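Heads up: the structure comes next, in structure tokens.
No lab work stands behind these numbers, since they all come straight from the coordinates. Model, not experiment: these values are computed from the prediction. Cβ atoms come from the backbone with ideal geometry, glycine included; neighbour counts cover every protein chain shown.
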Number of protein chains: 2
Amino acid sequence: MSIHKLFYPKGVVVAGSASPGKLGQVLLERLLKAGFPSVFALNPKAIGWGAAPGFVSARQIEAPLDLAVIVSPASTVADVLADCGEAGVRAAIIISSGFGEAGNAEGERQLQEVAARYGISYTGPNCAGLINTGNNLLASLEAAPPPGATSLISQSGAVGGVMMDLAEARGLGLAKFVSYGNGSGVGELDLLAYLANDPETKVIAMYLENIKQGREFLALLRQVTAKKPVVVVKSGRTGSGQRATLSHTGALAGSDQVYDAALAQAGAIRVAGIEDMIDLCQAFSSLSPMKSKKLAIITNSGGPAVLTADRADELGLEVGEPSPACREELASFLPSHAGLANPIDLTVEGDAAAYKQALLACLQENGAAVALYVGTPYLPALPIAQAIAEAAAESGKPVATILQVGADIKEAQKYLLQANLPLFLSGERAVQALAYLARYQESRPAAAEPLPQKGKIGPGALLEPEAMELLKLNGMPTPPFTLAKSLEEAIAAGAGLTYPLAAKVVSPEILHKSGQGGVILNTKDEAQLTEAFRNLIQLPGALGVLLYPMLKGDFELILGLSRDRQFGPVVACGLGGIYTEILRDVALRIAPVSQEEAETMLRQLRAYPILSGARGKQPVDLQALARLISNFSQLPFLYPDLQEADINPLFVSGDEFMAVDARIIGMAI
Amino acid sequence: MSIHKLFYPKGVVVAGSASPGKLGQVLLERLLKAGFPSVFALNPKAIGWGAAPGFVSARQIEAPLDLAVIVSPASTVADVLADCGEAGVRAAIIISSGFGEAGNAEGERQLQEVAARYGISYTGPNCAGLINTGNNLLASLEAAPPPGATSLISQSGAVGGVMMDLAEARGLGLAKFVSYGNGSGVGELDLLAYLANDPETKVIAMYLENIKQGREFLALLRQVTAKKPVVVVKSGRTGSGQRATLSHTGALAGSDQVYDAALAQAGAIRVAGIEDMIDLCQAFSSLSPMKSKKLAIITNSGGPAVLTADRADELGLEVGEPSPACREELASFLPSHAGLANPIDLTVEGDAAAYKQALLACLQENGAAVALYVGTPYLPALPIAQAIAEAAAESGKPVATILQVGADIKEAQKYLLQANLPLFLSGERAVQALAYLARYQESRPAAAEPLPQKGKIGPGALLEPEAMELLKLNGMPTPPFTLAKSLEEAIAAGAGLTYPLAAKVVSPEILHKSGQGGVILNTKDEAQLTEAFRNLIQLPGALGVLLYPMLKGDFELILGLSRDRQFGPVVACGLGGIYTEILRDVALRIAPVSQEEAETMLRQLRAYPILSGARGKQPVDLQALARLISNFSQLPFLYPDLQEADINPLFVSGDEFMAVDARIIGMAI
């Protein structure tokens, strides 16, 4: 498997100018300094550097050679790759730019051809290289992070560089770093799959600008997140961001709301930026699981602890009062003016012993603790850091630490990082990381398995009776209806149904029936029905008139299906009227959804309390409604050419549902 | 004025043990090292330190003496203060703890007494001291920040310390720092007033846990923010945070939503934490005003720029395409694969000249720019920092810079800070600061002036007819109504009004009329009215029956008035029903509000589009409705014993309003 050779090559050849200060030379120097044992240089003048001898062709190199790191000009890369392929190289890191991102699609196609010819796996072009701290493979121009348990996949080299820089500054160790740039070789899927099985990688962090194979990516991601946490920064969230993504990688970003839903459904943790990403990687790579949302905050100063408690509360962690027993224990060793309500304020007198004892006491009844120390001139910081580390080890529970202020604070911070305890810049950041840690323990609904194909929609919109038949066939409740093609049929139907009736024109030429006079409600008797029929049947393209009893429900829901460019079928639901139109109170998921997932969609609506009976109406049977939504979400799989569908409205009263209007559109050929 | 002496003393005496390592000694050392010229020590053994001679009593000191910095044990502080008072000291910084915060209220009262006797202004006790970088007054145990234009007022000493530490790390200079701890001497009001007039202070940053004189504070704050920006971190936002505030300063925090409204109305900028506060102080202290929301992002790497554009968009800044002329200019000097849509991507080839030229071109048509540089091995960073500084100076517009990654980046960062340009840790943070900078330029509605007293409510709830009369008297539209005390009066009234009528019991014993069968709607004729009257008049305590025509409107609004512990009268409005109950879609302000402010309340509702005609109803006359809300917000000033009031519902249709039910409660005696 040649991706493995990207990370674990026997020998590495660096292709590109090795003259002093040139990228090739810088790479050779970094690889050798990091301690990678077998490095060679490749350039037209056969210039070497240090212990790395220079060659004109890779075929001249007799040592085993797996990986080429290429920084030569774009126009030369295909030839260099072919030369390396001939020499047995099966993996390449193409840092050189000037390909797809600069309009040179042909150049990029050539790379793919050469790579295919020799069975080479490559990252790039236009990437920032690759690092494996475990074997000193520093094949990147970016920072040199310390070893650790987090691996980073970055589409953008610069963002990768920024993250590594920040990781270094914050003491977060990395196992592997890889950037894939234009991604015409290996992409996010291959790399994610590889790191999922990498024993050195405990946490995966990804920076994504777009995803090319949405469904495959999600299916894989779901498997990976069951094994290890995946933290994602996905850019292009908004209008101007999307424009920038488009111009700098040549790929169109999908709708951000869909990405949000997709990543959450797959169990990944999406954060807004690199700082949050670092915080989370620290928490996940060095803290044990947080099995309860109860949090203790131990501090020697009130103010920062209040800000911390505020944020914890906002994020749904529980900063509750200590139990009487715990309180009593705390009181036994703390001064009388210490704060014994959580946050536990040890006061400026809080020394190492107080921190340790208070942490141990509180961790017995909490899922995690924040230890917050603001340096005082009264006490040295190092013993406090040691005490916190001891308490964390003895309790076996997550302790997030903040050490701030004072001349001796750096030493204490360093100690803690070496003890593999995460340090946060503020209490607010610490609790944010803990909140994600706690959430990661929550069970996720199982993925819904799409059902096998059942039929075809055909191009264009179904007529309403056809759409209603299709819903009925697939287990969705529809009212009894009749398609009347003549006045006689209409009157006969009127006799069979119960007045008052609703009458709607059926015409392929009329898409928005109610706006075009195609709907007449509340016909109370034969006379009114006759008049309604006569009006409707003369509308353009009218094939008949659809009749069904007037219905209503406690609520009107809207269900929708559409296709996202990246992720395919997407299902949405919301209450009708102002809820969806004005308040944009809509829940969205990648389809299909299981009944359980559909239930979480309903619960996520701001208007959810209304459905559950808050306004004096009969509470809706949520499970039955969720089952209906789950069925609806299967339609694009049962009918693979389904382009778009909606039920608007779905009347809902207690456990009774009725799809009163439906629109189903098949793909154009 | 003795507060001035806190910051500009002629001589300083440090009271407390001056033995090596003790707080007194540390303070003496810090003051002398910082270069403060006239420092004395005061302690029972008359121990001095360095150039500061020691004394047993301040009266022995012959040099002019204005300020005492006290770190002696709590039990000695009152005597020390009196001794200093005798010696002519008129300002004191009481760092010692063990007073109100530790349950020693009596000790704190004694301090106040002594201070009053000698006319001493003091900060503390239980505070972290005071710093004036302008005269080397380093009377604090916290970090020693570089000089600058930001002044910080912190209730908590620890938070002040954390902020100064972060300021130092980020290169933000401070003019003054003062923490006031328990605040029994000078408090947030005095300090804010002082710094408002301090010529060295360009930006004021405050950390608040609670505000004692809410109204006075707001009135002052409003004046200050018209002159200089005030950035506030207010803790105790949530349940557990409020508990912590309570235990560590002994003061109850007000409702956070009220604080939010109050600070915004006064023009202050509230941020969530210290990191944001530092960012904003950097922006406000060294950038010129941002007069348009149009933002250019100049970068040498796509990824971080996309994240930046995302965030800018979210915050309402406009990251728009460059004009054709600007685009042409950019194309004239940039390589063909550069990104010319905003963000402008100079690519890795972006050198100093490219940064400068691109910034100057874009700043001609934008309100500000973000210059984002991710270090590359191709180019040195310092010339790029210089080019950015030159472009910022030449354009005269705000430029927020991010310099990241690379061995030579620290030097470039340092250069930029010395050029007084703010450096941000990420593009996201930079645009957040710029968004606040832009918002600060927006005009704020004028404060509403409360009207003079008109009458009294009296204790308890007004009867509904009384409440309706009071609304009518104050310019709020009420329906024609009659209070019928007998059946004859009811029938006569029915003849005068137009059927159908609504009938409500009037009884001091029935507070929730509709829940207790006290409301009968839709009586269509004399017979129905008779029956309704007979039912209602026999309810407990019934004094009569209120009759008025059945009314309805396109919308139902709810207006409310209540009293906040810190800020007094507060006014709220929202649409009735699910909007306020389920969606909590309510706008809130400190009363009274001007018509203009009331209009912003309405616009702030999520349901605002409905009022403005989004659902096919007649659009509401917003100005007239805002005038009504403004009138309503005056009630607690016209009737100073008004405790609580609401109009629920206020029917609204176009420009017609009708208060159909009112509840007005006077203060209990």
One finds, for A:L551 and B:Q257 with R0 = 41 angstrom and r their Cβ-Cβ distance, a FRET efficiency to the nearest 0.05 of 0.45
Any DSSP H helix in chain B with Cα axial reach of 30 Å or more and mean Kyte-Doolittle score of at least -0.5? Listed by number, the hits are none
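May I ask you to derive the FRET efficiency for A:K10 and A:A105 from their Cβ-Cβ distance with R0 = 35 Å, giving the value to the nearest 0.05? Present the calculation step by step, with values, prior to reporting the outcome.
Details: r = 34 Å, r/R0 = 0.96.
The pair A:K10/A:A105 has a calculated efficiency of 0.55.
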Partner aspartates and glutamates whose C-alpha sits under 19 Å from that of A:K524, ignoring same-chain residues fewer than 8 away, are A:E488, A:E489
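Rounded, prolate or oblate for the range A:626-669? Axes are the square roots of the Cα gyration tensor eigenvalues, ordered a ≥ b ≥ c, and the cut-off for rounded is a/c under 1.5.
Numbers: a/c = 4.74, a/b = 1.85, b/c = 2.55.
Cα axes put the range A:626-669 in the oblate bin.
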Cross-link reach from A:K454 to lysines, straight Cα distance under 22 Å and at least 8 residues apart if same chain, gives A:K472
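Provide the gained length on full extension for the span A:I491 to A:R215, in nm with one decimal, where the gain is 0.36 nm per separating residue minus the Cα-Cα distance.
Details: separation 276, 0.36 × 276 = 99.36 nm, distance 5.02 nm.
Gain on extension, A:I491 to A:R215, equals 94.3 nm.
Sort the range B:25-166 into rounded, prolate or oblate with this rule: let a ≥ b ≥ c be the square roots of the eigenvalues of the Cα gyration tensor; rounded if a/c is under 1.5, and if a/c is not under 1.5, prolate when a/b is larger than b/c, oblate otherwise. Display every interim value, and only then the final one.
Numbers: a/c = 1.73, a/b = 1.12, b/c = 1.55.
It is oblate, given that a/c is not under 1.5 and a/b is not larger than b/c.
Does the range A:566-669 come out rounded, prolate or oblate by the C-alpha gyration tensor, with a ≥ b ≥ c the root eigenvalues, rounded set by a/c under 1.5 and, if not, prolate when a/b is larger than b/c and oblate if not? The partial results should precede the final answer.
Values: a/c = 1.80, a/b = 1.73, b/c = 1.04.
Prolate, because a/c is 1.5 or more and a/b exceeds b/c.
Considering only DSSP beta bridges with both partners in chain B, what is the antiparallel share in %, to the nearest 5?
On the way: 51 of 101 bridges.
Beta bridges within chain B, antiparallel portion: roughly 50 percent.
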Expected integer from the mean partner chain Cβ neighbour count at 10 Å over B:341-350 is 3
Residues meeting the amide H criterion for B:L137 (H placed from the backbone, H to H distance under 5 Å, 5 or more places apart or on another chain) are B:N132
Taking only Cα atoms of the range A:331-405, the Rg to Rh ratio with Kirkwood Rh works out at 0.92
For B:D641 and B:N522, extending 7 Å from Cα along the Cα-Cβ vector and measuring point to point gives, in nm, a value of 4.2 nm
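When a footprinting reagent is the concern and you count Cβ atoms within 10 Å, what order do A:E464, B:E644, A:E108 take, fewest first? Working shown, then result.
Values: A:E464 21, B:E644 17, A:E108 25.
Sorted ascending by nearby Cβ count, the order is B:E644, A:E464, A:E108.
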homo-copy label distances at A:N197 (7 angstrom along Cα-Cβ), nm, one dp, ascending, are 7.6
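Mean shadow of the protein assembly as shown, computed from the convex hull of its alpha carbons, in nm²? Show your work: numbers first, answer last.
Working: hull surface 231.9 nm².
Orientation-averaged projected area of the Cα hull: 58.0 nm².
Take each of the peptides A:629-635, B:109-115, B:615-621, B:333-339, average the number of other beta-carbon atoms within 10 Å over its residues, and list them starting from the highest.
Values: A:629-635: 23.9, B:109-115: 18.3, B:615-621: 14.9, B:333-339: 16.4.
Averaged packing, sorted descending, gives the order A:629-635, B:109-115, B:333-339, B:615-621.
Tell me the mean residue ellipticity at 222 nm calculated for chain A from its helices only (DSSP H runs of n ≥ 4, each -39500 (n - 2.57), averaged over every residue, nearest 500). Before the final figure, lay out the partial values.
On the way: 23 runs with 256 residues, N = 669.
About -11500 deg cm²/dmol.
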Summing +1 per Lys or Arg and -1 per Asp or Glu among the other residues with Cβ less than 13 Å from B:I384's Cβ gives -4
Per the rotation taking chain B to chain A, min distance Cβ-to-axis on chain B (residue, whole Å) equals B:L583, 4
For A:E449 and A:A46, extending 7 Å from Cα along the Cα-Cβ vector and measuring point to point gives, in nm, a value of 6.2 nm
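Taking the mean number of other Cβ atoms within 10 Å as a proxy for protection, how do you rank A:44-57, A:293-306, B:400-413 from highest to lowest? Numbers along the way, then the final one.
Values: A:44-57: 16.3, A:293-306: 28.4, B:400-413: 20.4.
Ranked from most to least packed, the peptides come out as A:293-306, B:400-413, A:44-57.
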For chain A the mean separation of alpha carbon contacts under 8 Å (6+ apart) over residue count, i.e. relative contact order in percent, is 8 percent
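Can you say what percent of the DSSP beta bridges in the protein assembly as shown, counting only those with both residues inside, are antiparallel? Round to 5.
Values: 102 of 202 bridges.
Of the beta bridges lying entirely in the protein assembly as shown, close to 50 percent run antiparallel.
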With no solvent term and unit scatterers on the alpha-carbon positions of chain B, Debye gives log₁₀ I(q)/I(0) at q = 0.11 Å⁻¹ of -1.09
For B:G577, inter-copy label-point distances (7 Å, Cα→Cβ), nm, shortest first, read 0.5
at A:A495 the sorted inter-copy label distances (label 7 Å from Cα on Cβ side), in nanometres, are 5.7
For A:L473 and A:Y378, extending 7 Å from Cα along the Cα-Cβ vector and measuring point to point gives, in nm, a value of 7.9 nm
Over 23 Å (Cα to Cα) among A:K202/B:K410; A:K414/B:K33; B:K176/B:K234; A:K293/A:K617 -> A:K202/B:K410; A:K414/B:K33; A:K293/A:K617
For B:K513, the aspartates and glutamates lying under 14 Å Cα to Cα, once residues fewer than eight places off in the same chain are dropped, come out as B:E464, B:D661
